[in-house]
Amino acid sequence: MVTVMGSLMSPLSAKADQIDAPYLALGADLNETEKSTVLSLLEINEADLSSYQVITVTNADEHKYLDSYLDSSVIGTRALSSVLIEKKDKGNGIKVTTSNITYCTTGMYQNALATAGVTDADVRVAGPFNISGTAALVGAMEAYSNMTGETLKAENADAATEELVTTSDLGEAIGDKEQAEELVGAVKEAVVSQNLSDPEEIEAVVDDAAKEMNIQLSDEDKQKIVSLMEKISSLDLDVDSLKEQAKDLYNNQEQVKGFFDRIVSWCKNIWNSIFG
């Protein structure tokens, strides 16, 4: 079964047996050689494609979701990112592996997919050669929506896209992608758990988190994070679910253990001391 990608707002109805079947979102512009490479990286035998629900992601789809956050030249003119996604039992969380993805890390995908509303899924992202991978988020969200029959809210998908791009840009700016993941994840946890929406309060949390992690932020990067968090604050997100879905990211990084709790503790005192 091959389906051209539709809107995230109108997923295809998923039957019970389809939810058990892995979903494959292929870049529409892969040539036969590139397609074979991607399938090999995803450990899929082309002869077994009938066992998968297959959709295609076009370059127009990528531009639709990414044009607000990336220059068109960065997105390019060919849809190459491909994603394999499989629904798992509750408690699995979001687990991501990548091949030939240079710009986005597994943690960036985990954080963004949790914001989008994806839960308990194994996700594999691959390119036919080294590519940024930013557009793969579009395919992952669409495949999940079609697989489960659950409509991912447009505002969540938009925030997730901005989160992925913002975190990726921050990682480039500070020269440490893992620190970028940790900083954005920690600030997001504080914003959601404390129901923060005031830009000054959010900025204070960003400043304290960056100081704690010894990260030097430019004013531009700081404002990008604040703007992102203002958008995230308007979403109906559950903080426990966010941490559960991205648990592998933090459980595998010893230096981050307890960091969320410290951020929340700061939040309880920041506006008392700064805003009176």
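The values are calculated or read from the model by the stated rules, or taken from the named source; none is laboratory data. These figures come from a predicted structure and were not determined experimentally. We place every Cβ from the backbone using ideal geometry, glycine too, and count neighbours over all the protein chains shown. Only protein heavy atoms, including side chains, enter the accessible area calculation; ligands, DNA and RNA are left aside. Shrake-Rupley method; radii C 1.70, N 1.55, O 1.52, S 1.80 Å.
How large is the accessible surface of Lys222 in square angstrom, using a 1.4 angstrom probe and rounding to the nearest 10?
30 Å²
Report, by chain and number, residues whose modeled amide H sits under 5 Å from the one on Thr56, excluding near sequence neighbours (fewer than 5 apart, same chain).
Under 5 Å from the amide H of Thr56: Thr3, Val4, Met5, Leu26.
Would you mind calculating the gained length between Phe129 and Val54 on full extension (0.36 nm times residue separation, minus the Cα-Cα distance), in nm to one decimal?
Between Phe129 and Val54, full extension yields an extra 24.9 nm.
Provide the per-residue ³J(HN,Hα) series for the range 183-199, in order, calculated from phi with Karplus coefficients 6.51, -1.76, 1.60 and θ = phi - 60°, each as a whole number of Hz, with x at glycine and proline positions.
5, 5, x, 5, 5, 4, 4, 5, 4, 6, 5, 9, 6, 7, 9, 6, x
Taking amide H positions as placed in the peptide plane 1.01 Å from N, state which residues far from Ala121 in sequence (5 or more) or on other chains have amide H under 5 Å from it.
HN-HN under 5 Å from Ala121: Lys88, Gly93, Ile94, Lys95.
At a Förster radius of 45 Å, what calculated FRET efficiency corresponds to the Cβ-Cβ distance of Glu220 and Asn31, to the nearest 0.05?
Computed FRET efficiency for Glu220 and Asn31 comes out at 0.70.
Between Glu230 and Thr102, what's the calculated FRET efficiency when r is the beta-carbon distance and R0 is 30 Å? Round to 0.05.
Approximately 0.55, to the nearest 0.05.
For a quick check of understanding: with a 1.4 angstrom probe and all protein chains in place, what accessible area in square angstrom does Val74 have, to the nearest ten?
For Val74, solvent-accessible area is about 80 Å².
Go through Arg78, Arg124 and list them by solvent-accessible area, largest first, probe radius 1.4 Å.
Accessible-area ranking of Arg78, Arg124, largest first: Arg78, Arg124.
Please go through the residue pairs Lys87/Lys224; Lys95/Lys222; Lys90/Lys247; Lys95/Lys211 and name each one whose alpha carbons sit more than 22 Å apart in this structure.
Too far apart for the 22 Å limit: Lys87/Lys224; Lys95/Lys222; Lys95/Lys211.
Just reorder Thr56, Thr134 by solvent-accessible area, largest first, 1.4 Å probe, all chains present.
Output order, biggest surface exposure first: Thr56, Thr134.
With a 1.4 Å probe and all protein chains kept in place, how much accessible area does Asp71 have, in Å² rounded to the nearest 10?
Approximately 100 Å² of Asp71 is accessible to the 1.4 Å probe.
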